[in-house]
Amino acid sequence: MGVKLGTAVTTVVALLLGMVLTADAANVRVRCEKRADRSKISVDGNDLVPANGQFTARATSGGNTARSGAQTAVAGEAEFDFDSNANDVAAGATRISASFIQGNTVLGEIINAQNTVVASATVSCRVKN
């Protein structure tokens, strides 16, 4: 009986620790929009660790890849924009071509200072005419 109880306690503790680790995991929200003359992507990270660490974002679509400059997360959050519109680039977005988005899908990744992907998501893009 003692061995079974010990195994059960170990299993419960492992499950609880797993839940805690999952709850603390970084996540990313990726949004994108494709027009005939424009590509626009937003990669927003949250629950980033360290909460005030340096992060970059990478956007990939088809054979196209773009990486943002480094940004310090604030309270575990960092937002990165990629755009082909000159006004948005002037406001801080990373420049991409108007034809960057291929197949109407984008992979967005958040990368920490050690060059490790900490969160990623692939999404279908909104298409506007």
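At a glance:
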read-out: Residues listed by number, the range 24-52, amide nitrogen under 14 Å from Asp88 label point at 7 Å toward C-beta; value: 30-44
read-out: Rg/Rh for the range 26-127, where both radii come from Cα atoms and Rh is the Kirkwood radius; value: 0.96
read-out: Amide N proximity, the range 75-111 versus Thr65 label position 7 Å along Cα-to-Cβ, cut-off under 14 Å; value: 107-111
read-out: Pair Ala51, Arg35: separation of 7 Å Cα→Cβ label points (nm); value: 3.9
read-out: Fewest-first ranking of Thr122, Thr94, using other Cβ atoms within 10 Å as the exposure measure; value: Thr122, Thr94
read-out: Radius 12 Å from Cβ of Ala91, net charge of other residues (Lys, Arg +1; Asp, Glu -1); value: -2
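Computed from the coordinates by the stated procedures, all read-outs in this text should not be read as laboratory data. Everything quoted here is computed from the prediction, not taken from an experiment. Heads up, the Cβs are rebuilt from the backbone with ideal geometry, glycines too, and the neighbour counts pull from every protein chain shown.
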